[in-house]
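Trainee: First the structure, then my questions, so here it is.
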Amino acid sequence: MEQFFVKLSIMLVPALMAITCHEVSHGYIADKFGDSTARMLGRLTLNPLKHLDIFGTLMVFVVGIGWAKPVPVNFHNLRHPKRDMIWVAIAGPITNFTLAVVSAFAMRGLIAASSGLPDNSLASSIVDPVTLMLAFSVYVNLLLGVFNLIPVPPLDGGRVAVGILPYRPSALLARLEPFGMIIIIAVVFFTDAFSYVIFPALNFGVHLLAGPHANLVFGVTKLMMR
């Protein structure tokens, strides 16, 4: 039980921040482009309780992929719906990639700063768990960013594709949205898409950002998922 709470304390803040900031960014950009739905419903807030989907959050800890309650966006309210939808959709992954970059630099900075600290010092006891949280933040933000770029609506990549494609293929892809999550679950759990598409991109991102500490990121994540 103690081990469970240790894992929870390391994973909870990065996971909630990744999911919450992802959703808020959609609503914020939509608001800037003319749709105030999210703002009127009180969803432009970093309070995770406003965005929490219990099952989606639990899935982060179980399989490493989760979700929040989608921020409502009425694309018809956007000033240029087809074009603006691209920016609203891509805001989520961009936010996650930005958080991953910030977390990686902070993690590398803490590791460098703590290299001379005694293992049993008070400073070390504070720095070590924060470093682990930042390492997990790198992983979970990259994973959410990459996963959401899958070009199947309602994922962000699918909505970007709907905005970019010509009318006929765009309309055909948009019709998949009611079945999108079923398709995504089937692809992730019943094909090798994770092994051959998602993980190579994730692996590249972790090594790019974490550099010599990439093994720490993967090691912390593997430990947390046990």
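No lab work stands behind these numbers, since they all come straight from the coordinates. All figures in this text were calculated on a predicted structure; none of them were measured in a lab. Quick reminder, even Gly has a Cβ in these numbers, built from the backbone with ideal geometry, and neighbours come from all protein chains shown.
Trainee: Kindly rank 90-102, 141-153, 188-200, 37-49 from highest to lowest mean number of other beta carbons found within 10 Å of each residue.
Mentor: By packing density, highest mean first, the sequence is 141-153, 90-102, 37-49, 188-200.
Trainee: Just the Cα atoms of the chain: what Rg and Dmax do they give in Å?
Mentor: 18.6, 64
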